[in-house]
Structures are given as structure tokens and as C-alpha cells.
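Q: Input: one structure, supplied below.
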Amino acid sequence: MKRDKIARKIHWAKIIWAVSIVNPLMTLPQLVQIWLTHQTEGLSLIFLLILLFVQGGFSLHGFFTKDRFIMVSNGLAATMTLLTILSTLYFRNIAV
């Protein structure tokens, strides 16, 4: 069976659409928790920076390949990750 037939059989377009919605929302609970509790212990800025790099890279990939789902989803995800990084830095500097 060819890839396109498998994709149709498993409704890949619907799956990737759902993934493109979940992707930017992935860091939302962490961001909300930071702002509600002002606690940033246990968060790894190195991990968040690597995640930002990966999401930005995939967003650019979507741009260059003209894949709007990939570009927008990862662009929004990178924005959420950047907000999480900035919030973490903000609350860590307040505590100092």
C-alpha cells in the first residue's frame, strides 16, 4: 500500500489538523502556572531554549515548503515557548 493510500485510510489530514491545534497549546498550562504561582523552580531554561529552536526551525520549514499548518502551528508554539521563557526570566529576576 502506498503512503497516500495509508494517509487517506487513517484520515491523516484530520490527525495533523488536531496536532496543529494541540502543538501551540502544549506550553499553556506551564505558562498559566508560572503566572498564578510565580514559581519557576524545576523549569529548565536550556530545555525551553532548545524547544524554541526546534519549533522555530519547523515553522521556517513550513514557510519554505509552503505548508501553512506546519508554519502557523510551530510559529504559535514558538511564541508560547518564548512567552514561557520570558515569564520564567521575569519571575526569577523578581525573586533575586
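The values are calculated or read from the model by the stated rules, or taken from the named source; none is laboratory data. Note that this is a predicted model, so its numbers are computed, not measured. Don't worry about glycine lacking a Cβ; one is built from the backbone with ideal geometry, like all the others, and counts go over all protein chains shown. Each accessible area value is taken on the protein alone, full model and side chains, heavy atoms only, with ligands, DNA and RNA left out. Shrake-Rupley method; radii C 1.70, N 1.55, O 1.52, S 1.80 Å.
Q: What number of residues in the stretch 1-31 are open to solvent by less than 80 Å² (accessible area, probe 1.4 Å) and either hydrophobic (A, V, I, L, M, F, W, C) or assigned to a loop (DSSP other than H, G, I, E, B) (or both)?
A: 11
Q: Can you pull out every residue in the stretch 32-61 that is on the phi > 0 side of the Ramachandran plot and either among the polar types (S, T, N, Q) or surrounded by 13 or more Cβ atoms within 10 Å (Cβ to Cβ) (or both)? Let's see the steps before the verdict.
A: Step one: of the stretch 32-61, the residues on the phi > 0 side of the Ramachandran plot are 38, 42.
Across the stretch 32-61, the qualifying residue is only His38.
Q: Follow-up. If you scan the stretch 68-96, which residues turn out to be closer than 20 Å to Val19 by Cβ and surrounded by fewer than 16 Cβ atoms within 10 Å (Cβ to Cβ)? Spell out how you get there, then give the answer.
A: Pass one, the stretch 68-96, residues closer than 20 Å to Val19 by Cβ: 68-81, 84.
Selection gives Arg68, Phe69.
Q: Sort through Thr65, Thr37 and tell me the only one that's of a type in the set (Val, Ile, Thr) and under 15 Å from Tyr90 (Cβ atoms).
A: Numbers: Thr65 fails: under 15 Å from Tyr90 (Cβ atoms).
It is Thr37.
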